[in-house]
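Worksheet for the structure shown next.
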Amino acid sequence: MGRWHLDASLKTGARVMAIADPEESVARSLAGRCRGAIVFTDALTMLESVDLDVLHICSPLGTHADLTEAALAGGVSVLVEKPLAPDLDTTLTLLDRASSANLELAPVHQFPFQRGFQTARSSLARSGSLRHVEFCICSAGGVGQDEVGRRALAADVLPHPLSVTRALLATDVAELGWRAESPAAGELRLHARSNEVTLEVLISCASRPTENSMRIRGDDGCWDVDFFHGYSYRTPGGVSRRRKISMPFERAARSAGGAAMNLARRVANREPAYPGLRSLVAEFHSSVRGECAAPIPPSEIADLARTRDAILSQVAL
């Protein structure tokens, strides 16, 4: 992920001062794209040696808390890959320290910043009253990992559907009464309800093909959102015998059209991977400069961490 954080930072106008990686060759390879960037094999040494405004943490979850604490203690704002911390208590401690130091701290929940999701959310009224939301996340990240690794991957993916649910429903997701089950290592099934809206989440390390999508169903149509590629398309809800026959072709045409337009847009914008990340990075850097509010406020970060803890307490991933 360091590669893509670097790409997003450079394309939003940031000056990359230093790069740290335990593998010096990896750090040097990335630094080759940044004039004057200093290479380190230890992030703590980097923090002591270079005057930074922002630290991007793209290392494993077990390193997040210590690195974030060190950065905040040194007066550096932090954007950290999700999950921000392993549990709610650690998350709240880090948020308090950021607030006390008047610094910005946020996890990388880039899906709500994707153009496709934002288009669907802003146009939901066209599909009538919201009825049901389905997430399907089938990841190849568990290939070659043992049961412990697959469990950790499913837990690390969990913030994505939670952040999107909060953005979609504009409510605290901890209040939705999540029920969870894990039929096998790396497999997670979730069910929840918000008033008349039901929600289902599938996270799987085994199901194929790989997919990261959401379907938002209303009583007059539905939106399909592809988070891998960052686009969405709407299927109207009109009913007729002719439309029932043509529906497979209509869906295929809408999906192909949305994918083609999205690909052209991403090529023009030089966005090869992780749609939404560049927008989040740009907003976070702007908030550090005092130009706008935090893109992910502390109350939202705490809500998602609280929900993640509650869900994981129900299952043995």
Rounded FRET efficiency, nearest 0.05, which uses the C-beta distance separating residue 99 from residue 48 and R0 of 22 Å: 0.40
Potential lengthening between residue 171 and residue 89 on full extension [0.36 nm per residue; Cα-Cα distance subtracted]: 27.4 nm
Theoretical FRET efficiency, 1/(1+(r/R0)^6), r = Cβ-Cβ of residue 256 and residue 143, R0 41 Å, to 0.05: 0.90
Distance between modelled label sites at residue 249 and residue 41, nm, 7 Å Cα→Cβ extension: 6.3
Karplus-derived 3J(HN,Hα), 6.51/-1.76/1.60, for each residue of segment 33-43, Hz, glycine and proline x: 8, 10, 5, x, 5, 8, 9, 10, 9, 9, 5
The chain: relative contact order as a whole-number percent, Cα under 8 Å and 6+ apart: 20
Extension gain, residue 310 back to residue 1 (0.36 nm per residue minus Cα-Cα distance, nm): 108.5 nm
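How much length is gained if the chain between residue 189 and residue 289 is pulled fully straight, taking 0.36 nm per residue apart and subtracting their Cα-Cα distance, in nm to one decimal?
On the way: separation 100, 0.36 × 100 = 36.00 nm, distance 4.03 nm.
Contour length minus the Cα-Cα distance gives 32.0 nm.
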Zone of residue 196's modelled label, taken as backbone nitrogen in segment 214-248 under 12 Å from a point 7 Å along Cα→Cβ: 218-220
For segment 104-169 and segment 196-249, distance of Cα centres in Å: 14
Nearest-0.05 FRET efficiency for residue 179 and residue 263, computed from C-beta distance (R0 41 Å): 0.60
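Read the figures in this text as sums done on the coordinates, not as results from a lab. No experiment lies behind these values; they were computed from the predicted model shown. Glycine also receives a Cβ, built like all others from the backbone with ideal geometry; neighbour counts cover every protein chain displayed.
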